[in-house]
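Quick note: the coordinates plus some simple rules give every number you see, no bench work behind them. Please read these numbers as outputs of a predicted model, since none were measured by experiment.
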Amino acid sequence: MDKKIKLSVEDVSKTFRVRGGQYSEDHLLPVLRHISFNVHEGEIVSLIGESGCGKTTLLRIVQGLIKLDAGTIRVDNNVVSGPGRDRGFVFQQATLLPWRSARANVEFGLELQGLPRQQRSERAQQLLKLVGLDRAGEQFPHQLSGGMQQRIGLARALAIDPAILLMDEPFSALDAQTREVLQLELLRIQAETKKTTLFVTHDLDEAIYLSNRVIVLGARPGRIKKIIDIPFTHPRPEITELRGDMRFQHIRAEMWDLIRSSSTAKA
Ligand SMILES: Nc1ncnc2c1ncn2[C@@H]1O[C@H](COP(=O)(O)OP(=O)(O)OP(=O)(O)O)[C@@H](O)[C@H]1O
Ligand SMILES: [Mg+2]
């Protein structure tokens with residue numbers, strides 16, 4: 001039986017108007033062209049493509065922060081017309097509120113929802129535990145490492161129990177080792193929460209490791225070059241082990257070719 005569609009992106013196009021400076025005219029910058037795909041319940045789908053191909057723009061359109069020119073976004077079959085609680089977001093920088101403890105950051109969205117204090121506190125504790133930081137709730141953001149801040153950012157996004165999670169290069173500011181730990185953690189958390197996730201990354205290995213499917217976007221204006229099914233079952237072994245698998249190497253080479261063949265970068 002086919003799984004339920006949680007997110008549908010239907011024929012989305014976006015062109016920015018870019019302001020000219022003193023010596024140049026305004027001009028139009030086509031960024032996304034005819035993007036269509038679905039994300040099914042419980043899936044992690046990654047978007048990859050070279051810098052500037054429109055990955056963040058697409059995520060922000062799904063978030064409802066950027067208006068699309070054409071096309072439709074649906075979450076649980078409801079048309080997206082602006083930001084909403086059905087979508088949780090994790091950015092490259094955790095952007096925690098510096099004057100609030102880790103726990104109070106996780107509780108923030110629940111306060112906005114008007115959840116009573118006791119329930120807020122119980123939910124925050126569950127989430128701190130889920131991200132492995134149940135003993136760091138009283139620390140302030142400046143007392144946490146970059147990896148811990150990203151864990152809190154993830155807990156905050158999950159707190160409101162969104163239908164889908166949108167992640168924009170959440171691990172790219174971390175060192176390689178912390179990054180691998182958090183990739184494993186994300187897989188564990190996703191196995192527990194079954195949260196449907198759309199994940200943006202530059203890192204081909206990360207995309208393959210985390211995803212059920214990877215969408216390769218061509219250079220600007222971003223179009224879908226290919227949607228690749230990742231054949232590895234869950235739970236996945238450590239990434240170092242998976243890298244030794246011939247299928248991993250084959251998929252990686254294919255993605256690299258697809259990105260390189262559409263590159264606008266001049267050597
Ligand atoms: N608000 C905006 N106004 C005008 N142009 C924009 C705006 N936002 C993004 N752009 C342009 O749209 C293009 C796509 O940007 P976007 O941030 O979506 O790329 P990206 O794929 O996320 O890149 P990266 O991998 O470097 O994060 C870029 O050329 C960028 O300069
Ligand atoms: Mg980006």
Checklist entry - So how compact is region 103-256: Cα radius of gyration and Dmax in angstrom? => result 17.1, 52
Checklist entry - Shape call for region 1-105 from the C-alpha gyration tensor, a ≥ b ≥ c root eigenvalues: rounded (a/c under 1.5), prolate (a/b greater than b/c) or oblate? => result oblate
Checklist entry - Could you give the angle, 0 to 90 degrees to the nearest 10, between helix 102-112's Cα long axis and the longest principal axis of the Cα atoms of the chain? => result 80
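Using the structure shown, list the pairs from LYS4/LYS194; LYS194/LYS225; LYS129/LYS195 with a Cα-Cα distance above 22 Å, or answer none.
Details: LYS4/LYS194 13 Å; LYS194/LYS225 28 Å; LYS129/LYS195 17 Å.
The pairs that break the limit, which is 22 Å between Cα atoms, are LYS194/LYS225.
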Checklist entry - In whole Å, how far is the Cα centre of region 137-156 from that of region 38-56? => result 25
Checklist entry - Helix 176-193 versus the longest principal axis of the chain: what is the Cα-based angle in degrees, 0 to 90, to the nearest 10? => result 70
Item to check | Estimated vicinal HN-Hα couplings, Hz - region 218-232 in sequence order (Karplus 6.51, -1.76, 1.60; Gly, Pro = x) | outcome: x, 5, 3, x, x, 10, 7, 8, 6, 10, 10, 6, 9, x, 6
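For region 75-138, what class follows from the C-alpha gyration tensor (a ≥ b ≥ c being the square roots of its eigenvalues): rounded when a/c is under 1.5, otherwise prolate if a/b is larger than b/c, else oblate? Provide the component values of the computation, followed by the final result.
On the way: a/c = 1.96, a/b = 1.56, b/c = 1.26.
Verdict is prolate for region 75-138.
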Item to check | Percentage of interatomic Cα-Cα distances in region 102-171 larger than 21 Å | outcome: 19
Next on the checklist: Restricting everything to alpha-carbon atoms, can you work out Rg to Rh for the chain with a Kirkwood hydrodynamic radius?
Outcome noted: 0.98
Checklist outcome for this item: The long-range amide H neighbours of PHE171, using H built 1.01 Å from N in the peptide plane and a cut-off of under 5 Å, are none
